[in-house]
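The values are calculated or read from the model by the stated rules, or taken from the named source; none is laboratory data. Everything quoted here is computed from the prediction, not taken from an experiment. Backbone-built Cβ (ideal geometry, glycine too); neighbour counts: all protein chains shown.
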Amino acid sequence: MRIKKILLLLSCLLIFSSCSGEQGKDESLKIGLLPDDSSIPIVIADEMGYFEEVGLQVELQLFRSAMDRDAAIQANELHCVSTDVLSLGLFRESGLSTYGVAQTEGTYSLLVNANTDIYKMEDLIEKSVGISFNTLMEYLLDTALIYNEINPDQVNKVSIPSIPARLEMLNTGKIDGATLPEPLASGAIADGSRLLSKNDEFDTYPGILMMTDEYINNNASDLKGFYEAYNKAVAYINNTPQEAYFSIINERLAFPEGLEAYYEVKKYQSIALPDEKEIEKGMQWLMDKDLISKEYTYDELVVDTMSK
């Protein structure tokens, strides 16, 4: 009887040890995306089964606005979001423990309605421009204006958090201009809007992947697989005619119908760590707007999960 009790105790200890070793490990990586070109490699990796090949379960959720996406990660409904350096600083200020883990390659444009008399940046003074306040869209507008030596306070900023709603209001002339991500910007241009500037003209690339500290700590081995699958998707995109996969991203990211006729998917780079210069520029903008209490450093906001 005593031997049976000892064996039973050992069995219980083994079971407890096994369970505690997996405690905190998530069964799937939940990622929040916006309908923009930074999301394309992740969608392709999921659709082509590259995540599954490395043993990683992924759940993708599409959001119409940055506010809804950010609310989801604050509510612990997501582990990772495709976002930007500003969100990283704002989350850290709020006490949420998140880190930038990778750079993304979003493209953003400042557009104006075709029926306006706006043809250069100076013409935006006292005109209405649709953005989402205290987010990447306002940051990009401010950066473009300052680059052209225009005070951002001279422009009438209109808060339109929903990206599709902002596009619709631009197309219908309810606002004079708007900041939009690709490929919706290309869609607006095809409908007649004029391009004033793009983020690459003023050397600003603020997109990042942000993950919760808890997921990073509990799923280190899965992150290696995530990066492997992402790079495989990049190789597929760069070496495959977009006609072979455009219907996939069109459906998964809810792009406008007919977009493939005038939008060309760009070549992507292999995944890399966030750029230190972009972190510094973003934190300075947040400080200037009194949105954070200190200028967080690169080492405080970014963790290298690629070389570990």
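Structure above, values below:
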| quantity | calculated |
| --- | --- |
| Residue list for segment 139-151, restricted to those being outside any loop (DSSP other than H, G, I, E, B) and either surrounded by 17 or more Cβ atoms within 10 Å (Cβ to Cβ) or in contact (Cβ under 8 Å) with a residue 12 or more places away in the chain (or both) | Tyr139, Leu140, Leu141, Asp142, Thr143, Ala144, Leu145, Tyr147 |
| Among the residues listed as Gly207, Gly187, Gly177, the single one being out of contact with any Cys (no Cβ under 8 Å at 6 or more places or on another chain) and surrounded by fewer than 23 Cβ atoms within 10 Å (Cβ to Cβ) | Gly187 |
| Checklist (1) in a helix (DSSP H, G or I); (2) more than 17 Å from the chain's Cα centre (by Cα); (3) of a type in the set (D, E, K, R) applied to Asp290, failing item | (1) |
| Which numbered condition Ser221 misses (of (1) surrounded by fewer than 21 Cβ atoms within 10 Å (Cβ to Cβ); (2) at pLDDT 95 or above; (3) assigned by TED's automatic domain parsing to the domain that holds Gly100) | (2) |
| Residue within segment 285-295 that is closer than 19 Å to Met48 by Cβ and among the aromatic types (Phe, Trp, Tyr) present | no |
| Single match in Ala244, Ala235, Ala220, Ala229 (criterion: in contact with a Lys or Arg (Cβ under 7 Å, 6 or more places away or on another chain) and hydrophobic (A, V, I, L, M, F, W, C)) | Ala220 |
| Residue, modelled with the lowest pLDDT, within segment 119-170, restricted to residues that are within 18 Å of Asn199 (Cα to Cα) and of a type in the set (Val, Ile, Thr) | Ile163 |
